[in-house]
1. Quote the charge dipole size of segment 1-137 about the Cα centre in Debye, to the nearest 20; the model charges only the Cβ of Lys and Arg (+1) and of Asp and Glu (-1).
2. For K156, go through the aspartates and glutamates and keep the ones whose alpha-carbon is under 17 Å away, minus same-chain ones fewer than eight residues off.
3. By how many degrees, between 0 and 90 and to the nearest 10, does the Cα long axis of helix 26-39 differ from the longest principal axis of the chain?
4. State whether segment 2-127 is rounded, prolate or oblate according to the following rule on the C-alpha gyration tensor (a ≥ b ≥ c being the square roots of its eigenvalues): a/c under 1.5 gives rounded; otherwise a/b larger than b/c gives prolate, and the remaining case gives oblate.
5. Working out 0.36 nm times the residue gap between K30 and I100, then minus their Cα-Cα distance, what length gain in nm do you get to one decimal?
6. Compare the Cα positions of F162, A118, T133 along the charge dipole of segment 2-194 (+1 at Cβ of Lys, Arg; -1 at Cβ of Asp, Glu; about the Cα centre) and return the one farthest towards the positive end.
7. Helix 105-134: angle to the longest alpha-carbon principal axis of the chain, degrees 0 to 90, nearest 10?
8. Please find the FRET efficiency linking Q15 to D175, where r is the Cβ-Cβ separation and R0 is fixed at 22 Å, and quote it to the nearest 0.05.
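Just so you know, all these numbers are worked out from the coordinates, no wet-lab data involved. Just so we're clear, the structure is a prediction, and the values are computed from it rather than from any experiment. Cβ placement follows ideal geometry from the backbone for every residue including glycine, while neighbour counts extend to all protein chains displayed.
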Amino acid sequence: MEIIDKIPFDIKPQQVLKQMHLEAEDKYLKDAQDIIDKVLPIIRPKAIYKLCYIENKGEDIIEIEGIKFTSRVLRLNLDKVERVFPYVATCGKEAENVDIPSDDLMQKFMLDIIKQSALGTAIKKLREHIDKTYMPGQMSVMSPGSLENWPISEQKPLFSIFGDVESLIGVKLTDSFLMLPLKSVSGMYFPTEVRFESCQLCPRERCPGRRAPYNEKLKEKYFSK
């Protein structure tokens, strides 16, 4: 198990405005700079991961370190895989302490974008570290809750791989299996010859986080018996 912290992070007002689809006008630039000045001194993106070997494979389950995960899609993706990299990454709980007036929706939106960017930086650093340390080649990733076939309740066994994640990197798992801070993600990276995205099996239209088009034929491959 390894914790990746002390991750350098920076963001410019222009980057915040671009993600908000706003023009780089003086007023907005100043607002963005003000919130950046509050956040950058304290924000601490970080991640935790562990190299794990698959101990058992059933029809729709895999077992890692005595912990069982149930998902047909995950099982088929790991059919020829022996090692995986469970992880949790976060923007860091420190950013939750930024003081913003409750009625200032603009600053709240800007803070949300900055935290999302910090999370992206943590994920990028995590991938780079795994690539450099283990040289797994091309990898894909699955996250609990990204598909109905691997429900969000599978967060609990994933977190149990690490023990007390909250004390390790400040991410708390709620009774409803949501993570706090909200700008946190968890999942498993795994080596793959053909890149997989959960989006390929999800027919939801107009999804802002879509990374690949829905593939009905691929869905049939996973769920036909």
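1. Details: 22 positive and 24 negative charges, 99 e Å.
The dipole of segment 1-137 has a size of about 480 debye.
2. Partners found: E63, E65, E148, D164, E166, D175.
3. For 26-39 against the chain, the angle is about 60 degrees.
4. Numbers: a/c = 3.15, a/b = 2.64, b/c = 1.19.
Prolate is the answer for segment 2-127, as a/c is 1.5 or above and a/b outweighs b/c.
5. Working: separation 70, 0.36 × 70 = 25.20 nm, distance 1.53 nm.
Working it through step by step, the gained length comes to 23.7 nm.
6. With unit charges placed on the Cβ atoms, the residue in question is T133.
7. Long axis of 105-134 versus the principal axis of the chain: about 40 degrees.
8. 0.05
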